[in-house]
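The values are calculated or read from the model by the stated rules, or taken from the named source; none is laboratory data. Values in this document were obtained by computation on a predicted structure and should not be read as measured data. Heads up, the Cβs are rebuilt from the backbone with ideal geometry, glycines too, and the neighbour counts pull from every protein chain shown. We work out accessible area using only protein heavy atoms, side chains counted, and drop any ligands, DNA or RNA first. Shrake-Rupley method; radii C 1.70, N 1.55, O 1.52, S 1.80 Å.
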Amino acid sequence: MANSTGKAPPDERRKGLAFLDELRQFHHSRGSPFKKIPAVGGKELDLHGLYTRVTTLGGFAKVSEKNQWGEIVEEFNFPRSCSNAAFALKQYYLRYLEKYEKVHHFGEDDDEVPPGNPKPQLPIGAIPSSYNYQQHSVSDTARIG
C-alpha cells in the first residue's frame, strides 16, 4: 500500500511490478490476457495490494462469505463519490485474481471449474439425463408450408 505521500516505497513498487508481470503471464498462458490495469474511481487499482490483503484475510471465498469488501475498500482511499467501490473490487478480484489465488495461494489445479455457476457440459455424443419431447410437438396449423 502507499505511504503518507501517496506513493509506494521503491521495494513495494518493485514487488508490485513483479507481481503484475507474473499475473499477466498467468492470464496469457490461460488464454485470458489483459493489457490494461482496471481503475476504480478514476484511480488505477493496485492489484498486488488487493491480492495481498484478500489472501491475508483468507482468500476470495472467505472475504465474500464475511462480506469484508467494504473494509478492504477503506484501505485503498478511493474518492467518497465512488459508491460502488466494494462491488467493483469484488468483480475485479474475480476477473483478475481469483483463479490466480486458487493456483498460487491454495495450490489447486489450473483446470478447475471456473467461478460462478457454470452449466455442466456433457461430452460430445452424450445423452442428457432428461429430454424435452414437447419441443418437437408442432400443431397442424403451424405446419402450413
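Summary of values
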item	result
Pick from the stretch 62-89, criterion of a type in the set (D, E, K, R) and farther than 16 Å from residue 52 by Cβ, ranking: modelled with the lowest pLDDT	80
Filter result (open to solvent by less than 70 Å² (accessible area, probe 1.4 Å), modelled with pLDDT of 60 or more and closer than 21 Å to residue 65 by Cα) within the stretch 93-137	93, 94, 96, 97, 98, 99, 100, 101, 102, 103, 107, 108
Members of the stretch 25-53 found to be modelled with pLDDT of 95 or more and of a type in the set (Lys, Arg), listed by number	53
The lone exception for residue 140 - which of (1) more than 18 Å from residue 20 (Cα to Cα); (2) within 22 Å of the chain's Cα centre (by Cα); (3) of a type in the set (Asp, Glu); (4) modelled with pLDDT of 65 or more it fails	(2)
Helices (runs of 4 or more DSSP H) fully within the stretch 1-83 counting 3 or more residues that are surrounded by fewer than 17 Cβ atoms within 10 Å (Cβ to Cβ)	10-29, 60-65, 69-75
Filter pass, residue 88 being exposed (fewer than 15 other Cβ atoms within 10 Å of the Cβ) and either part of a helix (DSSP H, G or I) or out of contact with any Leu (no Cβ under 6 Å at 6 or more places or on another chain) (or both)	no
